[in-house]
């Protein structure tokens, strides 16, 4: 009996001990796999990943080394990643990248072939085979690879080194245009990621967008606003104006688009070429939708003792003399001279152009001279102090005789 009790106690201890060991092993596994997963998105975690769970950690080390151009370190880490995760496409993808860094092109090609057989979702693999297609002059395949890459990483659509291989190419641009005509999901990024583009790169993109609009119709005022603004700020006013007119016809007819404020939301600015009313607690503007476009539609009220900006935009004008007109009425139905217009290189300028007012029709006319100082000057309208509510609109500009 004593022996059986001892045996029973020992058996219980063994079970508990085994349970404790299993729990410890489970805890280690959880910590290891969790930190491994974390290392894929948080590189600092790769320093604490246990070796048996270091798949992502090795890949992270390889990726960091590739990014800093350290070929030997990248190659060592990538080979370790291959040993710990040989069927993971990311391992062979990084191995190929590392081999390219150390100048082993043939070995890199073999690694990327393995990565390609395991799946095409790895960015470096896509870029590698895209470049191979470009070397062979096969732009159709290259654009297919580019499309797959940008679907995974849309922000790369703003990388000039990547996109210029197609945009500046007489053979590549039409194929890229055809892909854009299908409106892939990375199109919005392609339209807004323009800050890092040089003048020639901007010009290439603008030309392609104009061709795209001719093929599938206008892309929209807001969609092309970033490109237009970047072109204006870069001094390419003519190209900016062409993109704006091709893609925002509702706000670009004539020298001053949408002077009747039919297609304009003054609370937002689609581009520098769209009407906008800066936020101002002393000013209120609203649109009377019941009025036809032939009548002033903006209702303006100001409580400020100083002139306040009602509407402002930039306009592309050739040097010369222009006849600028608008209409404004007070509550009594008579023309009001409280609206003043300014054309200047600075939008804050408040030097109103001398204007004549016909109080019966409400039409004000100013003759303005536009020089060569700025190819796209600011056109602004301000309301002078007063208690009366105004109606304003019907802005027109034509060359003066």
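Looking only at residues that are within 17 Å of the chain's Cα centre (by Cα) and crowded, with 20+ Cβ neighbours inside 10 Å in the range 209-222, which one is farthest from residue 178 (Cα to Cα)? Within the range 209-222, the match that is farthest from residue 178 (Cα to Cα) is 221.
Name the residue, out of 340, 349, that is more than 18 Å from residue 286 (Cα to Cα), touching a strand residue (DSSP E or B) at 6+ places or on another chain (Cβ under 7 Å), part of a loop (DSSP other than H, G, I, E, B) and free of Cβ contacts under 8 Å to residues at least 60 places away in the same chain. Exactly one residue qualifies, and that residue is 349.
Based on what the data block shows, is residue 163 modelled with pLDDT under 90 and part of a helix (DSSP H, G or I)? Full working, then the answer.
Details: modelled with pLDDT under 90: no; part of a helix (DSSP H, G or I): yes.
No.
All of (1) surrounded by fewer than 17 Cβ atoms within 10 Å (Cβ to Cβ); (2) outside any strand (DSSP E or B); (3) outside the structural domain of residue 204 (by TED's automatic domain parsing) hold for residue 238 with one exception: (3).
When every residue of the range 160-183 is checked against the conditions, none turns out to be surrounded by fewer than 16 Cβ atoms within 10 Å (Cβ to Cβ), closer than 30 Å to residue 311 by Cβ and not assigned by TED's automatic domain parsing to the domain that holds residue 370. Here residue 166 fulfils each of the conditions (1) touching a helix residue (DSSP H, G or I) at 6+ places or on another chain (Cβ under 8 Å); (2) at positive phi apart from (2). From the list 348, 295, the one residue that fits, being within 24 Å of residue 279 (Cα to Cα) and either modelled with pLDDT under 95 or under 33 Å from the mean Cα position of the chain (by Cα) (or both), is 348.
Could you tell me how many of the residues in the range 298-322 are under 33 Å from the mean Cα position of the chain (by Cα) and under 16 Å from residue 336 (Cβ atoms)? Result for the range 298-322: 4.
Got at least one residue in the range 145-156 being part of a helix (DSSP H, G or I) and under 25 Å from residue 236 (Cα atoms)? Yes - at least one qualifying residue is present in the range 145-156. Applying the criterion of being assigned to a strand (DSSP E or B) and free of Cβ contacts under 8 Å to residues at least 60 places away in the same chain to the residues of the range 281-302, the residue that is farthest from residue 382 (Cα to Cα) is 287.
Among the conditions (1) surrounded by 16 or more Cβ atoms within 10 Å (Cβ to Cβ); (2) more than 39 Å from the chain's Cα centre (by Cα), the only one that residue 400 does not satisfy is (1). Is one or more of the residues making up the range 273-293 more than 17 Å from residue 326 (Cβ to Cβ), touching a strand residue (DSSP E or B) at 6+ places or on another chain (Cβ under 7 Å), crowded, with 20+ Cβ neighbours inside 10 Å and not assigned by TED's automatic domain parsing to the domain that holds residue 244? The answer is yes, given that some residue of the range 273-293 is more than 17 Å from residue 326 (Cβ to Cβ), touching a strand residue (DSSP E or B) at 6+ places or on another chain (Cβ under 7 Å), crowded, with 20+ Cβ neighbours inside 10 Å and not assigned by TED's automatic domain parsing to the domain that holds residue 244. Beta carbons closer than 6 Å, at least 6 apart along the sequence or on distinct chains, never pair a first residue in the range 248-260 that is in the same structural domain as residue 294 (by TED's automatic domain parsing) and surrounded by fewer than 20 Cβ atoms within 10 Å (Cβ to Cβ) with a second that is outside any loop (DSSP other than H, G, I, E, B) and modelled with pLDDT under 90.
Within the range 252-272, the set of residues being within 23 Å of residue 236 (Cβ to Cβ) and in contact with a strand residue (DSSP E or B) (Cβ under 6 Å, 6 or more places away or on another chain) comprises 255, 256, 269, 272. Residues that are in contact with a helix residue (DSSP H, G or I) (Cβ under 8 Å, 6 or more places away or on another chain), farther than 18 Å from residue 277 by Cβ and part of a loop (DSSP other than H, G, I, E, B) within the range 214-234 comprise 218, 219, 220, 223, 224, 234, listed in sequence order.
The values are calculated or read from the model by the stated rules, or taken from the named source; none is laboratory data. Source: prediction; values computed, not measured. Methodologically, a virtual Cβ is constructed for each residue, glycine included, from the backbone with ideal geometry; neighbour enumeration extends over all protein chains shown.
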